[in-house]
Every structure is written in C-alpha cells, then in structure tokens.
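**Student:** Here's a structure for you.
Read-outs throughout are calculated quantities, based only on the coordinates presented, and are distinct from any laboratory measurement. Keep in mind it's a predicted model, so treat the numbers as computed, not measured. No Cβ is skipped: glycine too gets one built from the backbone with ideal geometry, and neighbour counts run over all protein chains shown.
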Amino acid sequence: MMQIPCPFCGPRNESEFFYGGPVRPSRPDPAAVNDEDWTAWLTQVPNPLGPVQEHWWHARGCGTWLTIWRDTRTHDVVEAPDDAG
Amino acid sequence: MPYDVTFTRLETQALFDLKGRREAVQEWAGEALPACPDQPNSKTEAGGATLMFIGPDHWLLRADLAREAALEATLRPAEAPPEMSIVRVSDTLAFFRVIGPEASEILAIACPMDLHESRFGPDTASFTEAFGIKALVTRCEGGFEVGVEQSFGPMMLDCLTRASC
Ligand SMILES: [Zn+2]
C-alpha cells in the first residue's frame, strides 16, 4: 500500500486516489520537430526503472489533482531527481 | 461476537455545495454561515448549521432539512456572483450515524484513515472511503457520521450490518 501526500489533506491511502498517468514532456511543435521525435512523443510513455513523475487525482477525498515522484522499484514516493526538468 | 454499536440512517439533510475563494464565500453568504473553517478538512458549527472545508475553495453546508428553504432564501444560489457557485445538493448524500463503545472498530473496518481522536478530532470533517466508496466522515456524540452518495445507501446499510455482527 502507498500513502500518497495530498497538498490539501496530507498523506492518504492510495485507494482514495485515481492514477492519472505519467507526466509527459511538453508537446513539441509538430512543424518544428523531426518525424522521429514527433512519433516518439506521440507513442512513447515514460516507463523508467526508478523515479517517475505521475499525476494522481484525490477523487475520493478533496478532489485535488497532484503530481508526485514515485520509484517504480519500491513504490516509495520520493524526491524529484536532481536532473528532473 | 457482535460489536457494541448501533447505526441508523438519518433523514435527508439540507446540504449546500459552495465553491469559491474564502473571501468570496464570506462576502456573499458570511452572515448565513458559521465562520469559514481555517484548517483543511475541518468544520465549524453555529446556529444549527455546520460548515465543512472539504477541498480547495470547496465548502459544504449541512443543517436539518427543516432549514433548507430558509438557507436557500438566504444563500440565493441563482443570484450568486460569477466567482462562486452555490448548489443545493440535499438529495445527493445519505447519512448514517454509527455510535456506541465500539463505533471506532466498525469505522476501522470501513475506512483507511486514522480516525483516532488524536488525529481525527471532533472538529474534523473529511471525504475519504467507507467500504470502498467515497464517503464524508465526521465525528458526532458517541461515534461517527458517514455520508455516502444516496444511491449507495442500501449498500452502506448492508455493509454496516455485516461488519457489526
Ligand atoms: Zn486531498
């Protein structure tokens, strides 16, 4: 079980939240990017072994959308890596 | 062995959903409301009405059903300024009162939150889960009150019955 920190409610059980997917890089200008990078942005979902930034929705709580870093190896909520954008 | 609790479904409660910044809510409806609670997931009571701070810029006003018309006349939802919204939602939640020496045992089965008095005191009011569905949990004299979406009322009654026996 994960405890997810909600900025309004504090730490809450993961079952109160809905997963909102990983945070994706911002959308490139399709006219200014090459086909390979554009296709990569459209089709590749961040799936690292380690910290990943994710959206979660506190749907069964206060309704806040929040962003956390989660380590995919341990499910621990972790600090943003130093090289995070 | 059955738990020493009693639970009852309360009559429909007057409920108003208020969205907007604290200042806007207070300016429009301050005189009709208890003072806006300061802490997230807390409540204030005055004049038989309870105001709960249930989310960012989100408040829920609860009172006896007999006061619904008077509250609506004071809150004037249709005339509220554009920076806020007031909606009467009395029909949306079914409330259950769970009281008795072992009320907290039943809530511990139902709800993943730590409801110990040191963490969840008499002034607390929070949406969380009860038996896997979204629920508004508060303390009351001798136990807890749990509000769930109206259509889950029969399921809630069934879960409380099975958890307590
Ligand atoms: Zn929350």
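**Student:** Does the protein assembly as shown classify as rounded, prolate or oblate by the C-alpha gyration tensor (a ≥ b ≥ c root eigenvalues; a/c under 1.5 gives rounded; else a/b over b/c gives prolate, otherwise oblate)?
**Tutor:** Note, shape of the protein assembly as shown comes out oblate.
**Student:** Please report the spacing between the Cα centers of region B:102-126 and region A:1-36 in Å, no decimals.
**Tutor:** 30 Å
**Student:** Please list, in order along region B:36-43, the HN-Hα scalar couplings obtained from phi with the Karplus expression 6.51 cos²θ - 1.76 cosθ + 1.60 (θ = phi - 60°), rounded to whole Hz, x for Gly and Pro.
**Tutor:** Once θ is set to phi - 60°, the couplings for region B:36-43 become 4, x, 7, 8, x, 6, 10, 9 Hz.
**Student:** Can you put A:Val78, B:Val137 in order of Cβ neighbours within 10 angstrom, beginning with the fewest?
**Tutor:** Ascending number of Cβ neighbours within 10 Å: A:Val78, B:Val137.
**Student:** Sum up the charges of everything whose Cβ sits under 13 Å from the Cβ of B:Pro81, counting Lys and Arg as +1 and Asp and Glu as -1, but leave B:Pro81 out. List each step's numbers first, then the result.
**Tutor:** Numbers: positive: B:Lys19, B:Arg21, B:Arg76; negative: B:Glu23, B:Glu27, B:Glu79, B:Glu83.
Result for the neighbourhood of B:Pro81: -1.
**Student:** Per DSSP helix of 4 or more residues, -39500 (n - 2.57); summed, then divided by the residues of chain B. What does that give at 222 nm, rounded to the nearest 500?
**Tutor:** -6000 deg cm²/dmol
**Student:** Label region B:14-89 by shape, choosing from rounded, prolate and oblate, from the square roots a ≥ b ≥ c of the eigenvalues of the Cα gyration tensor; if a/c is under 1.5 it is rounded, and otherwise prolate applies when a/b is larger than b/c, oblate when it is not.
**Tutor:** Oblate is the answer for region B:14-89, as a/c is 1.5 or above yet b/c matches or exceeds a/b.
**Student:** Could you check the simple spin-label distance between B:Cys165 and A:Asp29, using points 7 Å along Cα→Cβ, in nm with one decimal?
**Tutor:** Spacing of the two 7 Å Cα→Cβ label points: 6.9 nm.
**Student:** As an exercise, find the ratio Rg/Rh for region A:1-71 from alpha-carbon atoms, using the Kirkwood inverse-distance average for Rh.
**Tutor:** 1.10
**Student:** Between region A:43-81 and region B:1-28, what's the alpha-carbon centroid distance in Å?
**Tutor:** Distance between centres, Cα-based: 31 Å.
**Student:** Can you figure out the FRET efficiency of B:Asp4 with A:Met1, using R₀ = 25 Å and their beta-carbon distance, to the nearest 0.05?
**Tutor:** Values: r = 29 Å, r/R0 = 1.16.
Rounded to the nearest 0.05, the efficiency is 0.30.
**Student:** So the label point goes 7 Å from the Cα of B:Arg88 along Cα→C-beta, right? Which residues of region B:1-24 then have their backbone N under 17 Å from it?
**Tutor:** From region B:1-24, the list is B:12-19.
**Student:** Taking the Cα centre of chain B as origin, sum charge times position over the Cβ atoms of Lys and Arg (+1) and Asp and Glu (-1), and report the length of that vector in debye to the nearest 20.
**Tutor:** Computed charge dipole of chain B: roughly 180 debye.
**Student:** In what sequence do B:Met52, B:Met113 fall when counting other Cβ within 10 Å, fewest first?
**Tutor:** Going from least to most buried by this count: B:Met113, B:Met52.
**Student:** Using the 4.7 Å Cβ rule, please list in number order the cysteines from the protein assembly as shown without any candidate partner.
**Tutor:** Isolated Cys, the protein assembly as shown: A:Cys62, B:Cys36, B:Cys111, B:Cys140, B:Cys159, B:Cys165.
**Student:** What order do you get for B:Phe120, A:Phe18 when you list them from fewest to most C-beta neighbours inside 10 Å?
**Tutor:** Ranked by crowding around the Cβ, least crowded first: A:Phe18, B:Phe120.
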